[in-house]
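Following this message is one structure expressed as structure tokens.
Just so it is clear, none of the values below were taken in a lab; they were calculated from the coordinates. Note that the structure is a prediction, hence the values are computed from the model and not measured. Heads up, the Cβs are rebuilt from the backbone with ideal geometry, glycines too, and the neighbour counts pull from every protein chain shown.
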Amino acid sequence: MLTLVHGENQVSSRLYLDRFKKGLDCQVVEGKSLTYYDLELLRAPNFLGAVQTIIVENPKIEILENLKDITDASLVIWYNKKLDKIPLKGAWKILEFRPTGGKALFNFLDSFFTKNLKQVYINLPLLKQSNTPYELIAPSLNKQVLSLLSYKESKVGFSPFQLRKFMDFDKFWSRSELISLLRRLLELDYRVKSGRLDQDLALHSFILGTIGKS
């Protein structure tokens, strides 16, 4: 797998990177002083023949020129800014994380957790228009489920705003439904990360499979 992650939205790109690393044997390398030769050594199999996923942060742009034609590596390049010119091609997956409209995401989450399917499908196109990536939507759903589960156990530690919000959400979800929702989110994440489903199709399928039956 060859992936370049860049863009002005560092929060989203970092979130994507953190989720990507989970469960993987990977090595994170600071790229500012890294040479192409250093990178080739890192990419080489270890004495057991195993190959790690290498994540390089902010390498020199010149290194990308040397990487543009490779097809057989497990390599992720991450930049904390937007790149205007990207010399990579072919097998490379390019992900740009742009500034997002936070309001669109909040509205989507509100409609989802109140099981308002009609409003969910009004908010989905607005998410797309605000350039909110799937890599931010899925973790936000997951975080909200975990917070709502915590709320069911204890009302302590939440702000007044959160308490009002979760009091509303709580009417729509039982504890067993929330646990089932976590499993569905894990399945969604696996299907998208493994390339089995397009992100948009996977999200639509997830929504219909959870609140479409309500």
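Report, in debye and to the nearest 20, how large the dipole of the stretch 79-208 comes out about its Cα centre when Lys and Arg carry +1 and Asp and Glu carry -1 on their Cβ.
160 debye
Which distance in nm do the two modelled labels at Ser154 and Arg183 give, with both placed 7 Å along the Cα-to-Cβ direction?
Those two pseudo-labels are separated by 2.7 nm.
Which length gain, in nm to one decimal place, applies between Ser205 and Ser74 when the Cα-Cα distance is subtracted from 0.36 nm times their residue separation?
Length gained, Ser205 through Ser74: 44.2 nm.
Moving on. Would you work out which of Trp78, Phe172, Val28 lies farthest towards the positive end of the dipole of the chain, given +1 charges on the beta-carbon of Lys and Arg and -1 on that of Asp and Glu, about the Cα centre?
So the residue furthest toward the plus end is Phe172.
Give me the one-decimal nm value for the distance between modelled label points at Ser140 and Arg196, 7 Å along each residue's Cα-to-Cβ direction.
2.6 nm
Relative to the first principal axis of the alpha-carbon coordinates of the chain, what is the inclination of helix 175-193, with its axis defined by its Cα atoms, in degrees from 0 to 90 and to the nearest 10?
30 degrees
Relative to the present Cα-Cα distance, how much length would full extension add between Asn66 and Lys82 at 0.36 nm per residue of separation?
Stretched fully, the Asn66-Lys82 segment lengthens by 3.8 nm.
Roughly how tilted is helix 102-113, in degrees to the nearest 10 and between 0 and 90, from the longest Cα axis of the chain?
It works out to around 50 degrees.
Oh, and also: Among the lysines in the stretch 134-206, how many pairs, 8 or more places apart or on different chains, have alpha carbons under 22 Å apart?
Step by step, the pairs that qualify in the stretch 134-206 add up to 9.
Please report, to two decimal places, log10 I(q)/I(0) for the chain at q = 0.12, 0.16 Å⁻¹ as given by the Debye formula with identical point scatterers on the Cα atoms and no solvent.
At q = 0.12, 0.16 Å⁻¹ the computed log10 ratios are -0.73, -1.09.
Additional query: So which aspartates and glutamates pass the test for Lys128, namely a Cα distance under 12 Å, with those fewer than 8 places away in the same chain ruled out?
Answer for Lys128, where 12 Å is the Cα cut-off: Asp200, listed by chain and number.
Kirkwood Rh and Cα-based Rg: tell me the resulting Rg over Rh for the stretch 1-102, rounded to two decimals.
Using Cα coordinates only, the ratio equals 0.96.
Pop the C-beta distance of Arg175 and Phe106 into the FRET formula with R0 = 35 Å and round what comes out to the nearest 0.05.
E(calc), rounded to 0.05, equals 0.90.
Taking every pair of alpha-carbon atoms in the stretch 91-213, give the share separated by more than 16 Å as a whole percent.
Tail of P(r) above 16 Å: 63 percent of Cα pairs.
Right, next: What is the sum of charges around Leu127, taking Lys and Arg as +1, Asp and Glu as -1, for the other residues whose C-beta is under 13 Å from the C-beta of Leu127?
0
On a 0 to 90 degree scale, rounded to 10, what angle separates helix 160-170 from the longest Cα axis of the chain?
80 degrees
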